[in-house]
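Participant: Let me begin by handing over the structure; questions about it come next.
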Amino acid sequence: MGRTLANKKELVAEIKALLDDAQLAFVIDYKGLTVSEISDLRNRLRPKGAECKIAKNTLMRIAVDGNENWQPITEFLKDSSAFVLVKEDFGGAIKEYQAFQKDTKKTTLRGGVMEGQSLSEDQVKAITELPTKEELMARLAGAIKAMPTRVAVGVNAVPTKLAVGVKEVPASLARALKAVSEKDAA
């Protein structure tokens, strides 16, 4: 038995709520996957802050209708579509999907949408090469920690160079006077 109109409206509302929380969505062709394989994919994605949702393409079109941010997803809606909606760890979620894809060899990534922009398969995969949030915070902390050291080294170098310069003034003055006196004597 198919879904009732009330069930469909409920599913569309659920998809809209998921899209409101998501920052990245990508579409995969799940044709040929068993229920246990789809459950495995969902279990892999959940710790990464992502959710795999299977819905009819028509229901997804209705859910994104009027939402400029997610409208580009309609170009990937064909055949059997599963939607991976990522809230937090983009790279981690995509890597989990790629590991799943490598294990099952049954799915294909069609593309994705991020901040209203349509992403090709290569662009979605390129996101995995970006540093994670934790890596960026570690880099920033390292840079902040190194800053006082650099300032201290720079501040300590100024008096040293000034002292060397002051010490050189009398010697330079003496050499200049000697050169002038030798010139006058000659």
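The values are calculated or read from the model by the stated rules, or taken from the named source; none is laboratory data. Remember, it's a predicted structure, so these values are computed and weren't measured experimentally. As a convention, Cβ positions derive from the backbone with ideal geometry for all residues, glycine included, and neighbour counts pool all protein chains shown. Just so you know, the surface numbers come from the protein's heavy atoms only, side chains and all, with ligands and any DNA or RNA stripped out. Shrake-Rupley method; radii C 1.70, N 1.55, O 1.52, S 1.80 Å.
Participant: Return the total of residues in the range 24-73 being in a helix (DSSP H, G or I), touching a residue at least 12 places away in the same chain (Cβ under 8 Å) and small (Gly, Ala, Ser).
Facilitator: Result for the range 24-73: 1.
Participant: How many residues does the range 41-52 contain that are at pLDDT 90 or above and surrounded by fewer than 20 Cβ atoms within 10 Å (Cβ to Cβ)?
Facilitator: 6
Participant: For the range 93-130, name all the residues that are in contact (Cβ under 8 Å) with a residue 12 or more places away in the chain and in a loop (DSSP other than H, G, I, E, B).
Facilitator: Within the range 93-130, 106, 107, 115, 116, 130 meet the criteria.
Participant: Consider residue 38 against the criteria (1) open to solvent by less than 70 Å² (accessible area, probe 1.4 Å); (2) among the β-branched types (Val, Ile, Thr); (3) more than 17 Å from residue 100 (Cβ to Cβ): it satisfies all of them except one. Which criterion is unmet?
Facilitator: Tallying (1) open to solvent by less than 70 Å² (accessible area, probe 1.4 Å); (2) among the β-branched types (Val, Ile, Thr); (3) more than 17 Å from residue 100 (Cβ to Cβ), residue 38 fails exactly one: (3).
Participant: Restricting the search to the range 119-138, which residues are of a type in the set (Ser, Thr, Tyr) and either open to solvent by 90 Å² or more (accessible area, probe 1.4 Å) or more than 11 Å from the chain's Cα centre (by Cα) (or both)?
Facilitator: First, pick out the residues of the range 119-138 that are of a type in the set (Ser, Thr, Tyr): 120, 128, 132.
Result: 120, single match.
Participant: Within the set of pairs 6 or more residues apart or between chains, which connect a residue that is part of a strand (DSSP E or B) inside the range 81-92 to a residue that is of a type in the set (S, T, N, Q) and open to solvent by 10 Å² or more (accessible area, probe 1.4 Å) with Cβ atoms less than 8 Å apart?
Facilitator: Qualifying pairs under 8 Å: 81/57; 86/23.
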